[in-house]
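Participant: Handing you this structure, nothing more for now.
Please treat every number below as a calculation from the coordinates, not as lab data. Since the structure is predicted, the reported quantities are computational estimates derived from the model, not experimental observations. As a convention, Cβ positions derive from the backbone with ideal geometry for all residues, glycine included, and neighbour counts pool all protein chains shown.
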């Protein structure tokens, strides 16, 4: 074990802080256990400490909330990070820099590169994104770990909330994460190396059959209070990272990060909230109510199909054959009337019960954004693209608060982490000279569906204005001079996400304009020559006619 990284006082401080974070999370855990009882979760244990692979939703009689949650996750991914669309845009905050063609082209190439690195097959981004939105739908809070190595690209992993404890900074943004998890001695040797392990871990590795003994690890990721860029160890990193073996209160590793590796987003928060509210939590009373009604309705339906029977007297009847084709002698009187009757049940109330259940199910679907999902997936829609965008714009009112919070708390820190790793690992082209001179640093923006709708509205407004100009020009011809068509062409290209490489530079446009002007001047000269030549010819003919006369 490396004694150089040990610090007894720091261990005590980390344990005290972990107890504090546990107390902050404790009030939420009973709510999350209710969620686990209703939503199947593949994570071992979860908040109910159920064994892996066990059936944890046997109390459900209605699957509406499960289906709605799965569709919520699919819609969330499609809205924010659609794999089939090139949605990443890298840019610089300085508008003067972004006006330079060399900078635009660098940003375009870097955007394609970042998109390719994120969605590469081995990164696991697609799986992680779906798990992330699924966890947001269940618990309202979801952490994602982002890391990468030179030559290997990025690695994404959604962490189960049961392992994670968080705190926020003065602005309400998550800046401290404690992750408490278990690993076997063999796994810890693979991750940290034999020299970093504690005596108990080494002893377990030395004994045959004991290498799978589990140990509890606390990973602390927080702002580095000893940050000093002149140091050459963990102190030179702005984000501290410490792995603490809880049993022996000994650090396995102390290191750090240049950017926050764990991005934590909340689906929806109230003032002073640390953990978020989820659709599942918001409609949990409705979920329980629907399941209670469905259970009662199933019992009523069972009675309607297989009712209890009424007898005048037993008349020696000791059993009935209720199977198809069954024979029951002596069950009618001398007049042929049945001697056994159905007991009146609640089948008359079944339609009303089903109507009530349908209304409650719709509440659940609405909370999980079912309407938005239908717009994205309806194969029978006959709407035009413009009509679809208009409907989505209206539905976007419901989605925008969640998508905006997701972008602020998950996509922005995640993208800055990716950008930092890619630049430090030399996986992007060097900055243009103008960027180096300005000392600027790029940011990543997202061309998600909501952003496209906002820009589409701006573009359509401009087009409507231009289309209205001919009417105004009829009243005053000077109006046509109000429009700068070149500026509109450039601005609309940016609004619509047209790649800079598809557009000609100002120098190329100027050269083409000069060429056009030269050709026009040559054509005018040629026309003048032809006109002069025609006039000369006409004069010569007139002279000939005069001489002949």
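Participant: Multiply the residue separation of residue 235 and residue 155 by 0.36 nm, subtract the distance between their alpha-carbon atoms, and state the gained length in nm to one decimal. Could you put the intermediate results ahead of the total?
Facilitator: Details: separation 80, 0.36 × 80 = 28.80 nm, distance 2.46 nm.
Full extension from residue 235 to residue 155 adds 26.3 nm.
Participant: Give the peptides 131-140, 293-302 in descending order of average Cβ contacts within 10 Å, highest first. If you can, show how the numbers build up before the last one.
Facilitator: Details: 131-140: 26.0, 293-302: 15.5.
Ranked from most to least packed, the peptides come out as 131-140, 293-302.
Participant: Ranked from highest to lowest mean number of other Cβ atoms within 10 Å per residue, what is the order of the peptides 503-516, 238-251? Before the final figure, lay out the partial values.
Facilitator: Working: 503-516: 11.6, 238-251: 18.8.
Result, highest mean Cβ count within 10 Å first: 238-251, 503-516.
Participant: Rank-order 185-195, 60-70, 475-485 by packing density, defined as the average count of other C-beta atoms within 10 Å over each peptide's residues, highest first.
Facilitator: Result, highest mean first: 60-70, 185-195, 475-485.
Participant: Related question: Which length gain, in nm to one decimal place, applies between residue 352 and residue 334 when the Cα-Cα distance is subtracted from 0.36 nm times their residue separation?
Facilitator: Values: separation 18, 0.36 × 18 = 6.48 nm, distance 4.00 nm.
Here the answer is 2.5 nm.
Participant: Could I ask something else about it? Just subtract the alpha-carbon distance of residue 509 and residue 203 from 0.36 nm times their residue separation and send over the number in nm, one decimal.
Facilitator: Values: separation 306, 0.36 × 306 = 110.16 nm, distance 7.40 nm.
Taking residue 509 through residue 203 to full extension adds about 102.8 nm, to one decimal.
Participant: Any chance you could check the Cα centroid distance between region 261-311 and region 93-154 for me, in angstrom?
Facilitator: So the two Cα centres are separated by 35 Å.
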